[in-house]
Every structure is written in C-alpha cells, then in structure tokens.
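S.K.: My questions all concern the structure below.
The values are calculated or read from the model by the stated rules, or taken from the named source; none is laboratory data. These figures come from a predicted structure and were not determined experimentally. All Cβ positions, glycine included, derive from the backbone under ideal geometry; neighbour counts span all protein chains shown.
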Amino acid sequence: MGGFGDPRMTAGFAETTRQVVDYLNQELAGNDYDSEQVFTAPTEPSVTPPKSFVAFVRSHCSQMIQVVFHGGPDGQGQYFAFDVNVIHFVRDPASSDPAHSVTTVADWNKDYHYPLTKAQLDTFRTGQFAHVVATDLMASGTLPKPPATAALTETQLRAEYARRVALAGGTEYHLRQIQLNTQADAQAALDRVRAGEAFEAVVQDVSVDIATKNTGGDVGWGTPLTYAPAMVPAIKAAAPHGLIVTPLQSPAGWHVVEVIEVRPFVAPPFDKLRGQIAMTMRRQASIAEASK
C-alpha cells in the first residue's frame, strides 16, 4: 500500500481500503458468487502477494481479487487510487513445496485514479465505488456470469431498501423471551412469571431456546422486521416496557415475551445493506422460479 508520507492519511486510506474490500465482498455475495474476504495491508503495491497468503488463497479460492491503495503526487497534483487485480495461481508441478511454489497469472487489472481534493473526498463513497468495481468485474467477463436471477437493477434494490426501512419503523425493541414448543407450555410459563417467579428462573427451567437459555432469555435489540409479523402488534403495545399477557406464536414455537426497553432506530445506509438485500431478493426469486 503506497502512502503520502503522512502516517495519518495513509492510515485513513488503509481503513478506506478495508471498507472497499468489505463492500466488494458483499456485492459479490449478493450476486451469488462464493467469495471469502481477507484483508491485509501490504507495504508496497504489488500483484504478487506474500507466500503465506498465496498458500491460503490456493487452498480456498480459484481466483483472488486484490485491492491495493496507492497515492501521492503525479503530473496533475496529489492523487489517490485503487489498483484492482484479479489473479489466479498456477503451481509448479516439479516443486517440492506445492503450498508455496506457485506462479501468479493476471486475469484482469484496472487502476481507479482520483484527484486528492476536498470535493472528491466529500463525494467518494466506499460502497458506491465497490459497486462500480463489481460491475466492471462482471462486465469484463473475468468472473463467470451470475445466474439470470441476479439481474437486479439499482432501482429495484433501492426500492426494497426503502420498503425495509419503512417496515422497520423508527423504533428498536429490546426483548427477553421464554420459548416453548406448545401454547399450553407457554401459558404455564407465563402464569409462573405473572405469579411472581423470576423471569430468568423460568427461562432456565423450561425454555427450549438454547441461544438465550443461559442469558435470562435476552434476545437483544431488534426492529419489527426481526420478529414474526403476528408478534409485532403485541410487542408495540407493550412498549416501552412490560410483559405481554398472552403467549405469542412464531414459526419457531410459542413465546412468553417481555419488552425491556426501546430506543430510536436509524437504518444502516443503503450501501451497507446492498449486498445483503440483493442476496435475499435473488434467493426469493430462485425459490419462486423453482415452485412454478
């Protein structure tokens, strides 16, 4: 990774590169590619990674997408850039060290070059940049074409994001629960709590939810999107805190639920959720296609 001679600026772009790699991995996963993210910070730009890294990638991947930041002065002034390389590895069959003795073969390369100005920095978004890189990679034919169901437009993705934000509402709920397999068992547990027995004790005694059995039933924070739709009205009615006076049903079973507290919810930015939304929409489309 090339720098500017200013450790703070170089460190800042190291974090920017990490975010680009994170978003790019989300983009690829959202397009049904089987990708694995590894972030390293080499000292100098190079298409030849360290041997230990080559060994790891060879055992896990067919190709490696390498994003390397570099910056400094050029004929136009200060700049920053991201050099994106796609490479694969060819092992030397005569080598006695098959894990390390490999040749890197370049499949694709592009240098994304930007002027280091306040205006450029104010408008540069790591998620948007990663989307451009992913689009270029797929358009170049370097990566195999994703399934037909992956052809989602930016408009579709943003519409789904807006729908999710609207459904999530502006409130986040902190809950605890006792989960049972039947309504009768859930009602019996609820009766014990309403009679004065400690919620945590009933959880430990009868809850079938392994994930929360040893945490007093605490399920953490969530928005209405987190819960089964049939549960949401009762959760909202019990807010800002209170025990819901009837067992609630979800696909996982029956639940005795208590709202502990609430707080305002601010949705993550679209760029952060783009890959996740795309992945979910493609899976839904694939299921719908298979059921026809």
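S.K.: Determine which member of the set Glu27, Glu36, Glu44, Glu15 is modelled with pLDDT of 75 or more, surrounded by fewer than 14 Cβ atoms within 10 Å (Cβ to Cβ) and in the same structural domain as Gln120 (by TED's automatic domain parsing).
M.R.: Glu15
S.K.: Now a separate question. Kindly provide the set of residues from region 221-260 that are touching a strand residue (DSSP E or B) at 6+ places or on another chain (Cβ under 7 Å), more than 18 Å from Ala195 (Cα to Cα) and of a type in the set (Gly, Ala, Ser), ordered by number.
M.R.: Correct list: Gly222, Ala228, Ala230, Ala234, Ala238, Ala239, Ala252, Gly253.
S.K.: For Leu248, indicate whether it is surrounded by 15 or more Cβ atoms within 10 Å (Cβ to Cβ) and out of contact with any Leu (no Cβ under 9 Å at 6 or more places or on another chain).
M.R.: Yes.
S.K.: Checking Arg194 against (1) under 16 Å from Val245 (Cα atoms); (2) in contact with a Phe, Trp or Tyr (Cβ under 9 Å, 6 or more places away or on another chain); (3) not acidic (Asp, Glu), which test does it fail?
M.R.: Result: Arg194 passes all but (2).
S.K.: Give me the pairs, please: first residue somewhere in region 164-193 and farther than 30 Å from Arg274 by Cβ, second residue anywhere and surrounded by 16 or more Cβ atoms within 10 Å (Cβ to Cβ) and hydroxyl-bearing (Ser, Thr, Tyr), beta-carbon distance under 7 Å, and either six or more positions apart or on two chains.
M.R.: Going by the 7 Å Cβ cut-off, the qualifying pairs are Gln177/Thr212; Ile178/Ser207; Gln179/Ser207.
S.K.: Same structure, new question: Wholly within region 180-292, which helices (runs of 4 or more DSSP H) include no fewer than the required count, namely at least 1 residues that are modelled with pLDDT of 95 or more?
M.R.: Correct list: 183-194, 199-206, 232-238.
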